[in-house]
Structure formats: structure tokens, C-alpha cells
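In what follows, a structure is listed as C-alpha cells, so that the remarks can point back to it.
Each value in this text was obtained by applying a stated rule to the coordinates, not by laboratory testing. In this text, all values refer to a predicted model and were calculated from it rather than measured experimentally. Ideal geometry is used to build each Cβ from the backbone, glycine not excepted, and the neighbour counts take in all protein chains shown.
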Amino acid sequence: MDLSSLKPAAGSVKTRKRIGRGPGSGLGGTSTRGHKGAKSRSGYSRKIGFEGGQMPLQRRLPKFGFKNINRVEFKAVNICDLQKLAETANVSEIDVKVLSEAGLVSAKDRIKILGDGNLSAKLTVSAHAFSKSAVKAIEAVGGNVVIVK
């Protein structure tokens, strides 16, 4: 046996359909595109969402809602998370930097402290916004609230 006698397995390789190579090939003339119409023309490409002239889905469904371009997105952090952080990291002042180092938020997030959970540590908390219940809970244990701009 030598390399010149190697062949692929029988039936594993199909010959490519050579369309548009004259009438003798059997695939000339319309070149498998049928007669007339947009799909038979060169350069044809169907529009995204085109359904053959039927009213497309994106036009059948009604529009609703809107995006408020002035919306300010906050990352929520509960006071139970602050309590855990105070116990594990042994800190008395919590700000954006401490929260991002702990992995609770990213450095660019705007942070809102929410009042879910219990707080027993006396903390000075700096954040962009606070809920009323969070302010009440932090001040109840003798802590301070600082709003960052």
C-alpha cells in the first residue's frame, strides 16, 4: 500500500452542484432559481422580519410602555449585609469603597441602603440613597447616615 492509492470511503464524498454552467449540465437556464420573482434576481436579500407580504409580527403587536431616560439605577444593599460585613471585616465605617472591596457592588454603582434585616453594630454608613426604614434602623443603634453625591 502507498499514499497514491488512498481514497475516501465509498459514498462519503458528494460532488458539488455546479449551477449555471450551460444547458448541457441540466442546471443551466434558471440555475435552480425558478422563473421570475424577487428570489430569482441577483442581489436579492429578504428584509429582516419579512413574512411573504403577510403583516409581520413586529407590526401586528401593539406598542406599549416607555424608557425613562432620566432614570437613576441603584444597587440595593440591605442592612443585614452591612451587619455581616461589619462582623467579618471588623469595620465601623462603611462606604462605597468598602462595599466594592467586599464584592457586594462594583465601584461605579450608585448604592441604596434598604432596611431589610437586623443591625446591631454601631456604623457610619455612606451611600447615595437610603430608605426610611434603613435610616431608622441605623440611627436606632447609634450609627450615622451620610449621603454621598
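Residues whose amide H lies under 5 Å from that of Ile111, counting only those 5 or more places away or on a different chain, are Lys75, His128, Ala129; hydrogens are built 1.01 Å from N in the peptide plane.
Ordering Lys112, Lys39 by the number of other Cβ atoms within 10 Å of each residue's own Cβ, fewest first, gives Lys39, Lys112.
Would you mind classifying region 74-147 by shape? Square roots of the alpha carbon gyration tensor eigenvalues, ordered a ≥ b ≥ c; an a/c under 1.5 is rounded, otherwise it is prolate if a/b is larger than b/c and oblate if not. Because a/c hits 1.5 or more and a/b fails to exceed b/c, region 74-147 counts as oblate. Remark: relative contact order (region 1-148) = 15 percent; criterion is Cα-Cα distance under 8 angstrom and separation of 6 or more residues. Remark: region 51-66, residue by residue, has Karplus-estimated 3J(HN,Hα) of 10, x, x, 5, 4, x, 4, 5, 9, 6, 7, x, 8, 7, x, 7 Hz, where x stands for each Gly or Pro and the curve is 6.51 cos²θ - 1.76 cosθ + 1.60 at θ = phi - 60°. For helix 79-89, report the angle its Cα long axis makes with the longest principal axis of the Cα atoms of the chain; keep it between 0 and 90° and round to the nearest 10°. With rounding to tens, the tilt is 80 degrees.
What chymotrypsin sites (Phe, Trp or Tyr not before Pro) in region 16-97 are in a loop by DSSP, with at most 11 other Cβ atoms within 10 Å of the Cβ?
Values: sites: Tyr44, Phe50, Phe64, Phe66, Phe74; in loops: Tyr44, Phe50, Phe64, Phe66.
Sites meeting the loop and neighbour criteria: Tyr44, Phe50, Phe64, Phe66.
Pairs exceeding 27 Å between alpha-carbon atoms, taken from Lys84/Lys132; Lys14/Lys36; Lys97/Lys136; Lys84/Lys149; Lys36/Lys63; Lys63/Lys108: Lys14/Lys36; Lys36/Lys63; Lys63/Lys108. From helices alone, the chain scores -5000 deg cm²/dmol at 222 nm; the rule is -39500 (n - 2.57) for each run of n ≥ 4 DSSP H residues, then divide by the residue total. For the pair region 100-138 / region 12-32, the C-alpha centres are spaced 71 Å from each other.
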